[in-house]
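Q: Got a structure for you, written out below as structure tokens; questions coming shortly.
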Amino acid sequence: FVRATGSGAGCGAHWPTCNGQVIPRAAQLETIIEFVHRASSGVTLALVVVLAIWAWRSFGKESLVRRSAGAALFFVLVEAALGAGLVLFGWTADDNSVGRAIAVMVHLANTFLLLASLTLTAVWSSNRTPHNLRFRSRQDWLLAASLLGILILGASGAITALGDTLFPATSVAEGMQAEFSGGAHFLLRLRVYHPVIAILSGVLIYFAARPHIYSKVPRVSTTARLAVGLFIFQACLGGLNVILLAPVWMQLVHLLVSNLVWIVQVTLTSLVVARADLFTSVADHPVHDGIPAGAQQVH
């Protein structure tokens, strides 16, 4: 929302203060948007710190929950540093430099890694935590490749969205003509790659998830179906975004669903690679685990 509304320079070149003030007064709309973004980022940082402390105190030394929560803390700190860099280097508002383009891609990729860390913390702390993660088969590696594809797709989407903001088109035809124009800005020329990467990523997601759609473990089969369905929905949203000329609200919806696609695929990969039977063993073998059969519903 900050990028789409051109509000990145709302606090000037100041960080962490806003126009030299802790709390801006008589602020314009752009300043309010940027300040709220910074405030929400601060709250997020505080919550992730609490999460990391909780994980450290609640799980053993070798627990993967500790590692994922620690990774979340690392990535949220990197997120803050990247946000500060965008402001301090002036890569905001109407800046169309290569530096900003690279920073935007890295920023988006880091956000996805932060989301992955939080997702894994939630999955592993809500079930019996696996002792390790091993990519044993070609299918496991295909899931890993699908995650890499989504990460690259997200980075290319960030570039496309930046180009839409800085070089808005009045029609779909005008936008396409600008992309293939010889003297077009590099942000416009790069937009053409996003749908191509989307198609390739979609193929990866489908073939990575397809074998698990028929898994005997309900959690795995449901997650696999959701992964494929969400990506199809996301592809439709992408086409609609182009037709509508990327209005702000549509960009937000498109980004939200891309986050959901990523979260679901990370969840599917974690369940498959860690072997979902580890997560369901309490429910499947209540006698051996000393848990009444009726308690399996909570798992």
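Every number in this text was worked out from the coordinates using simple rules, so none of it is lab data. Only a predicted model underlies this, so the values are computations on that prediction, with no experimental measurement involved. Here the Cβ is made from the backbone with ideal geometry for all residues, glycine too, and neighbour counts use every protein chain on show.
Q: Between Ala13 and Gln28, what is the spin-label point distance in nm, taking each point 7 Å from the Cα along the Cα→C-beta axis?
A: Rounded to a tenth, the inter-label distance reads 1.7 nm.
Q: Taking a temperature of 10 °C and a viscosity of 1.306 mPa s, what whole-number D in µm²/s does Stokes-Einstein yield for region 214-253 with Rh from Kirkwood over alpha carbon pairs?
A: The Stokes-Einstein estimate is 137 µm²/s.
Q: To continue, here is another question. Given Ala69, Phe135, Phe186, which one lies farthest toward the positive end of the charge dipole of the chain, if we put +1 on the Cβ of every Lys and Arg and -1 on the Cβ of every Asp and Glu?
A: Value: Phe135.
Q: How about the chain: what cysteines have no other cysteine beta carbon under 4.7 Å from their own?
A: Cys236
Q: Between region 10-77 and region 173-189, how many Å separate their Cα centres?
A: The distance from the Cα centre of region 10-77 to that of region 173-189 comes to 37 Å.
Q: If packing is taken as the average count of other Cβ atoms within 10 Å, what order do 173-183, 241-251, 8-18 fall into, highest mean first?
A: Highest to lowest by the protection proxy: 8-18, 241-251, 173-183.
Q: Could you tell me which residue out of Ala46, Leu260, His212 lies farthest along the dipole of the chain toward its positive end? Charges go on the beta carbon: Lys and Arg +1, Asp and Glu -1, centred on the Cα centre.
A: About the Cα centre, the residue reaching furthest to the positive side is His212.
Q: Another one. For the chain, just say rounded, prolate or oblate: build the C-alpha gyration tensor, square-root its eigenvalues into a ≥ b ≥ c, call rounded for a/c under 1.5, and beyond that prolate if a/b exceeds b/c, oblate if not.
A: Cα axes put the chain in the oblate bin.
Q: If you put +1 on each Lys and Arg Cβ and -1 on each Asp and Glu Cβ, how big is the dipole of the chain around its Cα centre, in Debye rounded to 20?
A: Dipole magnitude for the chain comes out near 840 debye.
Q: Counting each DSSP H run of 4 or more residues in the chain as -39500 (n - 2.57), what helix-only mean residue ellipticity at 222 nm follows after dividing by all residues, to the nearest 500 deg cm²/dmol?
A: After summing the helix terms and dividing by the residues of the chain, the value is -24000 deg cm²/dmol.
Q: Over region 191-269, what lengths in whole Å, largest first, do the semi-axes of the equivalent ellipsoid take, defined as the square roots of 5 times the eigenvalues of the alpha-carbon gyration tensor?
A: After diagonalising the Cα gyration tensor, the semi-axes are 26, 13, 9 Å.
Q: For Val253 and Phe186, FRET efficiency with R0 = 30 Å and r from the beta-carbon atoms, rounded to 0.05?
A: 0.65
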